[in-house]
Structures are given as C-alpha cells and as structure tokens.
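The structure appears right after this line, and notes come after that.
Each value in this text was obtained by applying a stated rule to the coordinates, not by laboratory testing. Keep in mind that what you see is a predicted model, and the values were worked out from it rather than measured. Glycine gets a Cβ as well: all are built from the backbone with ideal geometry, and neighbour counts include every protein chain shown.
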Amino acid sequence: MGIKIYLDGKFVDEENAKVSVFDHGFLYGDGVFEGIRAYHNSVFRLEDHVDRLYDSAKAINLEIPISRAEMGEVILETCRQNNLRDAYIRTVVSRGKGDLGLDPRNCSTPTIVCIASSISLYPQELYEKGLEVITVPTRRNGPEGVNPRIKSLNYLNNIMAKIEAGIAGVSEAILLNQEGYVAECTGDNIFLVKNGVLKTPAIHVGMLEGVTRNEVIKLAKKAGITVEETTFTRYDLFVADEVFLTGTAAEVVPVSKIDSRVIGSGKPGPVFNQLLADFRELVKEQEAIIFK
Ligand code: PXG
C-alpha cells in the first residue's frame, strides 16, 4: 500500500495526488512550503513551522484558506494516515490554478499539499567525519528580491549553489550575501566556534531563520556557551575551531573542510559534540504534539 497524501481537503493515494499544470506553483514557483520532522509520534516544533509557513504566505500576499490550527491538524493527520512514528513532512501551499499569465489575481484557490514519508537519515559516518563544503559564486538573494526569509517555492538560487557544489565534488555549498558576508548553506544554517564563542549570521545578513538554528542557539545558551548573532566572512570560517550546519533534515552536522582548508582539528569538535547530543535529547523530550 502506498502513502496517503493530503491534497486540498482529502487524503488520496500517491497516483491520485495530482496538481494542475496551470497551478502557479508549477508555472511560476508561486507558493511557500515547510519541511518538518516527527520523532517518536510527535511533530517537532509544529507551531514554529506553521507560523513560518503563514508568515511566508503573508509576505507574498497569499491567503491560506484554512486556519493555523487546521493546518496543524492536517500535518498531524497526515502522519496518522501513514502510520509514521518518525517522519519527514513536506507542507506546500501554492497560489493555485490560474491562467498562463503570471498575475496571481487569476488564481482563485490556493492548493494545499501535505506529504509525510519515512525519513532517510544521513549516514552516521557524516556526524563522525564531517562534511567537506565550498563557497560558491552564486550569492544568496537579498531582501531587495525574494526575501530569503520567505520559504518560497523558488529555490533556484539555492539549487544553483547546490549544482556548483556538486560540480566541485562536494555535497554542500556556502552562500555569501551580496556584501560578501557568510549567509547560509543551500538548506542549512551555519555556525562557527572560535575561542569558545558560538557565532551564527544574524537574521539581517539574509537567510532563512531556521527552526533548528533557533533551537541550537537556545541549547547553547542553556549550556553556558556565549552565542553571538553577528556578521562574519570566509576568513572567520577558515580560522574557526569548529564549523557546523543545522537544519531539519540534517539536524546538526560538522564541517571538516571549507574551500580546501581543514577546519580546526579536521574532526568534530567538543561544542559540536555537545550540541548534537543535546539536540538529540531535546527531540526525545520535546513537549509532544502527539499524533497517536
Ligand atoms: N536555510 C534554508 C535555505 C533552508 O531551506 C534551512 C536553512 C534550515 O531551516 P530549518 O527550519 O529546517 O532548521 C532550510 C530548511 C531538504 C530540505 O530536503 C531542507 C530545507 C529546505 C528544503 C529541503 O533537505 N531546509
């Protein structure tokens, strides 16, 4: 039996989960989305993800025709329908079906989709060895265009960066902002540790405000680590003691090499090890929004 997908108020089989070719999500990338995790029958930071989805929608003047509470229930019910204990959930709201012109006023009803599938975890080796990454020529788009705080269906900027990383033979890319400050990776936020201080780009540098980022900042403060949301350059990464990335899919992953420079000892450092352990504990103990 295949998976059940939520599509515009109904649960349908995968082969019936079809969206029109006139949907402006398909034609123009006009829409927003979320990537969410469930651990042990409970959705991690459901409210934060739903809030970010509605904020992204508001920013593009897209009115989601169901309430935040109803959206939360859609996400929980999608997990229930698929009997998933641990899941990766994708919630998408597009502008909906329109005509071939890009004017969103011709789209009457947004399309709402929720997919939950079993999560394919990153190999444990990665958490022990670390990732090799490069800085790519493609810059993070700034607030003068599609604001990077919007989790929009327009990920081409990040996909270009991912392609550039792939061509260079590494799996992840660091994007700088228009001024040359470190912004984030293609689907993860970035942190460095120098002399015991944890630093991550401040929101105004221009990136997605990650749910995992915010949790890691809270965990670090709780552990007595000084945290600075600031601006920094590639230099600061090169001379850092530790660098790691955070995101819903990856959780917290160490970086071993950037642009051919070995970072710190080249192995995951003590701050990373502590924060990964704390994060894994947190997802176990979270105040559960249980769907069983
Ligand atoms: N930056 C960007 C640009 C993202 O898309 C993050 C940071 C991390 O945010 P969270 O809230 O997850 O801590 C993201 C989100 C995937 C995938 O399949 C991951 C994201 C987006 C799209 C796909 O790995 N990450």
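Brief remarks on what is shown
- With the alpha-carbon atoms of the range 20-96 aligned to their principal axes, the span from lowest to highest coordinate is 36, 24, 17 Å, starting with the largest.
- Working note: Cα gyration tensor of the range 1-53, eigenvalues times five, square-rooted, sorted largest first, giving semi-axes of 23, 19, 8 Å.
- Here the Karplus curve 6.51 cos²θ - 1.76 cosθ + 1.60, taken at θ = phi - 60°, turns the phi angles of the range 46-60 into couplings of 3, 4, 4, 5, 5, 4, 5, 4, 6, 5, 4, 5, 4, 5, 9 Hz, with x standing for Gly and Pro.
- The share of Cα pairs per 10 Å bin across the range 140-212, counted from zero up to the longest distance, runs 19, 51, 26, 4 percent.
- Each peptide in 22-30, 66-74 receives the mean, over its residues, of other Cβ atoms within 10 Å, and ordering these scores from highest gives 22-30, 66-74.
- Highest GNM mean-square fluctuation among Leu153, Leu282, Leu53, for the chain modelled with Cα contacts below 10 Å: Leu282.
- For the range 124-282, the spread of Cα positions along the three principal axes, ordered from largest to smallest, is 38, 29, 27 Å.
- Per residue, the Cα convex hull of the range 43-188 amounts to 152 Å³.
- Sequence-distant contacts, meaning Cα pairs under 8 Å at least 6 residues apart, place the relative contact order of the range 124-282 at 26 percent.
- Simple spin-label estimate for Asn147 and Glu285 in nanometres, 7 Å along Cα-Cβ: 3.5
- Directionally averaged projected area (the chain, Cα convex hull): 15.4 nm².
- Approximate spin-label separation Glu47-Val19, in nm, with each point projected 7 Å along Cα-to-Cβ: 2.8
- Taking amide H atoms as placed 1.01 Å from N in the peptide plane, the amide H of Lys4 has no partner under 5 Å among residues 5 or more positions away or on other chains.
- Cβ crowding within 10 Å averaged over residues, with 231-241, 202-212 ranked highest first: 202-212, 231-241
- With a simple spin-label model that places each label point 7 Å from the Cα along the Cα-to-Cβ direction, the separation between Val197 and Ala168 comes to 2.7 nm.
- Within the same chain, aspartates and glutamates fewer than 8 places from Lys151 are excluded, and of the rest, those with a Cα less than 17 Å from its Cα are Asp30, Glu34, Glu47, Asp48, Asp51, Asp55, Glu63, Glu184, Asp188, Glu209.
- The distance separating the Cα centre of the range 192-268 from that of the range 37-93 comes to 27 Å.
- A Förster radius of 45 Å, combined with the Cβ-Cβ distance separating Ile66 from Ile225, puts the computed FRET efficiency at roughly 0.70.
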